[in-house]
Amino acid sequence: MPSDPNCIFCKIIEGKIPSRKMYEDDELFGFHDIAPWAPVHFMLVPKRHIPSMAQLTPEDSALMGKIMTLAPRLAVEAGCNPYPKGGFRVMVNTGAEGGQEVHHLHVHVMGGPRPWLRG
């Protein structure tokens, strides 16, 4: 599976950098954010190095669909209250102007008591 030897998320996926892993399958890796914005804050990343959402192609549709359908289940398992009374936020930063700091596609999932919510 293509990876970038200089990418911190590729190193986390390969086990070269420790993480608080919460999910793994053949295509995806999920781990808790080291600087959480919310009581529940984890990321889902493809194991294949994709620099950002801007580099997705139509062939990545199933992968992104898998991420988006997996996120609700993992959010509840991680401690978010179920919809509709509870919920969570899904966020993808894309590019420098979009706030992306690590240039490996990653989907943030955040939730928990509301005071953390920004905007």
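Quick rundown of the values:
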{"item": "Residue in segment 22-35 that is in contact with a Lys or Arg (Cβ under 7 Å, 6 or more places away or on another chain), modelled with pLDDT of 95 or more, aromatic (Phe, Trp, Tyr) and surrounded by 16 or more Cβ atoms within 10 Å (Cβ to Cβ) present", "result": "yes"}
{"item": "Among (1) at pLDDT 95 or above; (2) in contact with a strand residue (DSSP E or B) (Cβ under 7 Å, 6 or more places away or on another chain) - the single one Thr94 does not satisfy", "result": "(2)"}
{"item": "Among (1) within 30 Å of Arg114 (Cα to Cα); (2) out of contact with any Pro (no Cβ under 8 Å at 6 or more places or on another chain), the one test that Leu63 misses", "result": "(2)"}
{"item": "Candidate set from segment 1-57 (those that are among the hydroxyl-bearing types (Ser, Thr, Tyr) and in contact (Cβ under 8 Å) with a residue 24 or more places away in the chain); member that is farthest from Ala75 (Cα to Cα)", "result": "Ser3"}
{"item": "Single residue of Ser61, Ser52 found to be exposed (fewer than 11 other Cβ atoms within 10 Å of the Cβ) and of a type outside the set (D, E, K, R)", "result": "Ser61"}
{"item": "Failed condition for Gly86, given (1) without any contact (Cβ under 8 Å) to a residue 40 or more places away in the chain; (2) touching an Asp or Glu at 6+ places or on another chain (Cβ under 9 Å); (3) outside any helix (DSSP H, G or I)", "result": "(2)"}
{"item": "Residue list for segment 13-23, filter: within 19 Å of Val40 (Cβ to Cβ) and either assigned to a helix (DSSP H, G or I) or basic (Lys, Arg) (or both)", "result": "Arg20, Lys21"}
{"item": "Answer from Ala62, Ala71, Ala38 - the residue that is in contact with a Phe, Trp or Tyr (Cβ under 6 Å, 6 or more places away or on another chain) and not in a strand (DSSP E or B)", "result": "Ala38"}
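The values are calculated or read from the model by the stated rules, or taken from the named source; none is laboratory data. In this text the structure is predicted, and so the values were computed from the model without any measurement. Counting neighbours? That spans all protein chains shown, and the Cβs are built from the backbone with ideal geometry, glycine included.
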